[in-house]
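Okay, so here's the structure we're looking at.
The values are calculated or read from the model by the stated rules, or taken from the named source; none is laboratory data. Since we're looking at a predicted model, the values are computed, not measured.
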Amino acid sequence: MLRPPGPEGKPLDSITSMQQSAYSDRRQELLRSIEHNRAEMRRAVDDLRGAARKLSPRDRIVSHPMPWILGALLLGVWLGNRKQDRLRG
């Protein structure tokens, strides 16, 4: 009966305890690395969310609404004139 292969492609029966220990150590090292990378990724995403909140125009609009209102009005007038110019000729 064939056994599933272990590390290095050998059947599990022929793996020495030293090889099993090395395999187990490597596995634990990889698991620690994965957890470290996950924590690092969480920190990076949190930093990105914080930066995105700072870029949100909501606070600027609320604190100084008049320039935004005037800007919207001027943009509307400009876009409206462009449309009328195209319809005329």
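Could we say that SER21 is hydroxyl-bearing (Ser, Thr, Tyr), in a helix (DSSP H, G or I) and at pLDDT below 90 here? For SER21, the condition - hydroxyl-bearing (Ser, Thr, Tyr), in a helix (DSSP H, G or I) and at pLDDT below 90 - is met. The residues listed here are GLU8, GLU40, GLU29; of these, the one that is at pLDDT below 85 and of a type outside the set (Val, Ile, Thr) is GLU8.
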